[in-house]
1. For the chain, what number of Lys pairs, 8 or more residues apart or on separate chains, have alpha-carbon atoms under 25 Å from each other?
2. Under a 5 Å amide H to amide H cut-off, with H placed in plane at 1.01 Å, what residues pair with L157 once short-range neighbours are removed?
3. If you average the sequence gap of Cα pairs under 8 Å that are 6 or more apart and divide by the length of the chain, what percent do you get for the contact order?
4. Antiparallel DSSP bridges in the chain: what percent, to the nearest 5?
5. Mean separation of Cα pairs under 8 Å and 6+ residues apart, divided by the residue count of the range 106-175: what relative contact order is that in percent?
6. Amide H to amide H, which residues 5 or more places from G239 or on other chains are under 5 Å from it, using H placed in the peptide plane?
7. For the chain, what number results from the quotient of the Cα radius of gyration and 2.2 N^0.38 Å?
8. Across the range 77-93, in residue order, what do the Karplus-derived ³J(HN,Hα) couplings come to in whole Hz, using 6.51 cos²θ - 1.76 cosθ + 1.60 with θ = phi - 60° and x for Gly and Pro?
Amino acid sequence: MSDTLTTAPRSAGAPLAPTDATPMLAVRGVKTFYGNIMALKGVDVDVHRGEIVTLIGSNGAGKSTLMMTIFGQPRAREGQILYEGRDITQMPTHEIAHLKIAQSPEGRRIFPRMTVFENLQMGASVDGFAHFEQDLEKVFVLFPRLKERINQRGGTLSGGEQQMLAIGRALMSRPRLLMLDEPSLGLAPLIVKQIFDAIRELNRAEGLTVFLVEQNAFHALKLAHRGYVLVNGLVTLSGEGRELLERPEVRAAYLEGGKH
Ligand SMILES: Nc1ncnc2c1ncn2[C@@H]1O[C@H](COP(=O)(O)OP(=O)(O)OP(=O)(O)O)[C@@H](O)[C@H]1O
Ligand SMILES: [Mg+2]
């Protein structure tokens, strides 16, 4: 690999500037335990800049555990997590948030007593409110419904609106990597389409890198450039999104029998 790509000046102790070939996020042999139970058994996943990558798997496969392990809660007991070439495996969670990785966790976890506006403010606080008005407008263009509900408390929004708010809040922190845990969970097909269209648009227009965890394999694999299948804490298949959609083992396990 040549040095010619590493043009940014480096301060002492800073990680090596990543090259184009360095994955934005690299998960290497990660094992995560809950007590004595091994929930991740040596997981490898790469996410490159500008990609939408999806991880599909059934209930209990370890999808949320992987997402949370990347944020350091729980910690990986073995293996490495690299972000832009830098080892973040042991980095405190609040410092990881400042690396411009944003997460919309499973179950949405918005602040129910705060208004839509206040929830979005919380997201912007990570970025120091530097671009607040501009980013707010962008979120409202993406999800006009949130603008209509600006003074409504988060807890009184519908499920779909709460999901939009969770994604909007994550976007307000100006992430370079957006991680979404089951954004389609429990939502009507029309709302799922709106959410997935929004993700596609963010990726297309701004090159936002997205790591998406989903049980809704059909929509997720259609949207994603690449995908991984997680079974019982291990990646069993990976490939291009559309290619995985055609695989008989994916169809049998995740698509047929009305599962989508
Ligand atoms: N806090 C916890 N304590 C103990 N075991 C846990 C904990 N959280 C998750 N697990 C276990 O770890 C395994 C993986 O769970 P995880 O939530 O990561 O699955 P998932 O793929 O996200 O499933 P789902 O699609 O239902 O959200 C499951 O067997 C689960 O019971
Ligand atoms: Mg989960």
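Any read-out appearing in this document is the output of simple, stated calculations on the displayed coordinates, not a laboratory observation. The structure displayed is predicted, hence computed values, not measured ones.
1. Lysine pair count for the chain: 17.
2. none
3. Worked out over the chain, it gives 24 percent.
4. If we restrict to bridges inside the chain, about 55 percent are antiparallel.
5. In percent, rounded to a whole number, it is 53.
6. Counting only residues 5 or more places away or on other chains, the set is G227.
7. Numbers: Rg = 18.2 Å, N = 260, 2.2 N^0.38 = 18.2 Å.
The reported ratio for this selection is 1.00.
8. Once rounded to whole Hz, the list reads 7, 9, x, 9, 10, 10, 10, 6, x, 9, 6, 10, 4, 10, 6, x, 4.
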